[in-house]
1. I'd like the residue in the range 121-132 that is loosely packed, with under 12 Cβ neighbours inside 10 Å and in contact with a helix residue (DSSP H, G or I) (Cβ under 8 Å, 6 or more places away or on another chain) and, out of all such residues, is nearest to residue 73 (Cα to Cα).
2. Conditions: (1) modelled with pLDDT of 95 or more; (2) within 21 Å of residue 32 (Cα to Cα); (3) touching a helix residue (DSSP H, G or I) at 6+ places or on another chain (Cβ under 8 Å). Residue 109 meets all but one. Number of the miss?
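The values are calculated or read from the model by the stated rules, or taken from the named source; none is laboratory data. Keep in mind it's a predicted model, so treat the numbers as computed, not measured. Every residue, glycine among them, receives a Cβ derived from its backbone with ideal geometry; neighbour counts consider all protein chains shown.
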């Protein structure tokens, strides 16, 4: 049996739980690294793989494994859908700025700022439209 020690708020943090967390992080990180390496050689294929909802699917798998809660899963999937939409304009702004001679970091910063503003809009306006985020 794996020894456990008290964690936050009376929870225990066993070696198995820590190993599970490390495994989740390693798999998720490996996907990001793979996309980066593929995109170096084949930008289009890298973009295709990056556009796949791999992180979302992994997140749903981890959430399901941890909770087996259909209501939580449904809320998570719905929230993911509504938060993907405001992130999409960044993928139009970034190349437009780069093609106009703006440096990568300022262009990325502008894209992130736009996404943040649009996320804020979804958070503020979504509930008024009946969205539970």
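1. 132
2. The failed condition is (3).
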